[in-house]
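Heads up, the thing below is written out as structure tokens.
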Amino acid sequence: MSKPVYRRILLKVSGEGLMGDADYGIDPAVSRRLAREIGEVRELGVEVALVVGGGNIFRGAGLAAAGMDRVTADHMGMLATVMNALALQDALEHAGVFTRVMSAIKINQVCEDYIRRRAVRHLEKKRVVIFAAGTGNPFFTTDSAASLRAVEVDADIMIKATKVDGVYSADPAHDAGASRYRRLTYDQVLDQRLSVMDATAIVLCRDQGLPIQVFDMTRPGALMDLVLGADVGTIVERG
């Protein structure tokens, strides 16, 4: 088997990605498959960190739009990410992968507090680390949290798992002429307002020179292909 091209990765998984074909919650088949694929990547010696969203349970911005106080709504969204992180931890441990959940808000009875040096040590010990509760602050998305954690733990790349095989010029579900970008710069993403991640996350990655790769998590083996350097999805980097 080929050697991986990355030493340490951060994988961002949306809450919606865990739903499968359901309308709410977590599809155990999806979490088991994802855990198995992460385990296979880990067996290559790649250190893996994850950030998971909470949109399959609660989405703070959506609750706020419906009239709820934004700070309260975002705190509920953070707790939803902890629930998803615990579900992924369970799936990973059933797959034989040692895993730690670290939360940006204190919830010590179910997971560890996020401490950067401890997180790096877990990774060095070949444990998968799942970062939950976003940044611990309202008004920041889990995309921003993923960018921040990737920079903090010195990941080689941030990988965003979606249901589409990269970034397109238009919505491929509604425009048959939409084409996939193989490579973009951070400024192209910002200037064209492409749906990669929110602007705060893109700017942080740009300023720190952290590449972003967007890929289709629903295709079995795509994560392994990406880690081995295959032309998968869309990469966003400096020009």
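The values are calculated or read from the model by the stated rules, or taken from the named source; none is laboratory data. Worth saying up front: this structure is predicted, and the values here are computed from it rather than measured. In this analysis, Cβ positions are derived from the backbone assuming ideal geometry, glycine residues included, and neighbour counts consider all displayed protein chains.
Condition first: more than 26 Å from Pro220 (Cα to Cα), charged (D, E, K, R) and in a helix (DSSP H, G or I). Can you find one or more residues in region 90-108 that meet it?
Residues of region 90-108 that are more than 26 Å from Pro220 (Cα to Cα), as a first pass: 102-108.
Now restrict to residues that are charged (D, E, K, R): 106.
Subset that is in a helix (DSSP H, G or I): none.
No, because not a single residue in region 90-108 is more than 26 Å from Pro220 (Cα to Cα), charged (D, E, K, R) and in a helix (DSSP H, G or I).
Looking only at residues that are of a type in the set (Asp, Glu) and not in a loop (DSSP other than H, G, I, E, B) in region 136-154, which one is nearest to Met217 (Cα to Cα)? Show your work before the answer.
Step one: filter region 136-154 for residues of a type in the set (Asp, Glu), giving 143, 152, 154.
When the remaining residues are screened for being not in a loop (DSSP other than H, G, I, E, B), the result is 143, 152.
On the way: Asp143: 16, Glu152: 24 Å.
In this case the residue turns out to be Asp143.
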- Query: Could you list, in sequence order, the residues of region 28-80 that are in contact (Cβ under 8 Å) with a residue 24 or more places away in the chain, part of a loop (DSSP other than H, G, I, E, B) and either among the acidic types (Asp, Glu) or touching a Leu at 6+ places or on another chain (Cβ under 7 Å) (or both)?
  - Reply: Asn56
- Report yes if some residue within region 166-181 is surrounded by 17 or more Cβ atoms within 10 Å (Cβ to Cβ) and touching a residue at least 60 places away in the same chain (Cβ under 8 Å); otherwise report no. yes
- What is the number of the single condition among (1) within 21 Å of Cys205 (Cβ to Cβ); (2) surrounded by fewer than 21 Cβ atoms within 10 Å (Cβ to Cβ) that Ala49 does not meet? (2)
- Failed condition for Ser147, given (1) small (Gly, Ala, Ser); (2) surrounded by fewer than 21 Cβ atoms within 10 Å (Cβ to Cβ); (3) touching a Cys at 6+ places or on another chain (Cβ under 9 Å): (2)
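Look at Gly67 and say whether it is of a type in the set (Gly, Ala, Ser), modelled with pLDDT of 90 or more and surrounded by fewer than 19 Cβ atoms within 10 Å (Cβ to Cβ). Let's see the steps before the verdict.
Working: of a type in the set (Gly, Ala, Ser): yes; modelled with pLDDT of 90 or more: no; surrounded by fewer than 19 Cβ atoms within 10 Å (Cβ to Cβ): yes.
No, not satisfied.
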